[in-house]
Amino acid sequence: MLYDYRNEDKRPMCLTLENGLTIEGEFIDLRISVETLPKGKTWYQLRHADDDDTGPATVKNGCVAVNFFGTLICEPISGIENNEEIAITEWGFCD
């Protein structure tokens with residue numbers, strides 16, 4: 001099931017990726033319908049590790065089917081290709 005971005009609680013999140021990129025966006029622990037996003041924003045899905053579901057392990061420019069952790073809504077990230085998945089080295093909530 002997909003949820004409406006406009007109706008869900010969001011939390012500011014910061015990620016540092018293994019390729020050196022730092023990303024800030026809004027975290028929602030649900031799968032979000034792309035049609036409900038604000039203009040200029042996109043979504044990336046986060047995956048947790050097999051042995052630890054308490055935090056995100058990777059960010060994917062595409063759908064995560066297994067170990068779904070949540071959705072990050074932000075400006076498009078240059079450096080992450082379609083369907084590419086990159087490890088997260090640090091993360092936290094920015095609030």
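The values are calculated or read from the model by the stated rules, or taken from the named source; none is laboratory data. Note that this is a predicted model, so its numbers are computed, not measured. Virtual Cβ from ideal backbone geometry, glycine too; neighbours counted across all protein chains shown. These area figures cover heavy atoms from the full protein model, side chains too; ligands, DNA and RNA do not enter into them. Shrake-Rupley method; radii C 1.70, N 1.55, O 1.52, S 1.80 Å.
Counting only heavy atoms of the protein chains and using a 1.4 Å probe, residue 94 has close to 60 Å² of accessible surface.
With the Kirkwood sum run over all distinct C-alpha pairs, the range 25-79 has a hydrodynamic radius of 11.5 Å.
Element breakdown for the chain at a 1.4 angstrom probe: carbon and sulfur atoms account for 46% of the accessible area. What is the Rg over Rh value, at two decimals, for the chain, using alpha-carbon atoms and the Kirkwood definition of Rh? Taking Rg over the Kirkwood Rh, I get 0.92. Rounded to the nearest 20 debye, the dipole size of the chain about its Cα centre is 380 debye, using +1 on the Cβ of Lys and Arg and -1 on the Cβ of Asp and Glu.
Every Cα-Cα pair of the range 47-89 was included, and the share exceeding 15 Å stands at 38 percent. Taking amide H as placed 1.01 Å from N in the peptide plane, the amide H of residue 31 sits under 5 Å from that of 3, each at least 5 places away or on another chain.
Want the number for residue 30 to residue 87: 0.36 nm per residue separation, take away the alpha-carbon distance, what's left?
On the way: separation 57, 0.36 × 57 = 20.52 nm, distance 2.00 nm.
That pair, residue 30 and residue 87, stretches by 18.5 nm at full extension.
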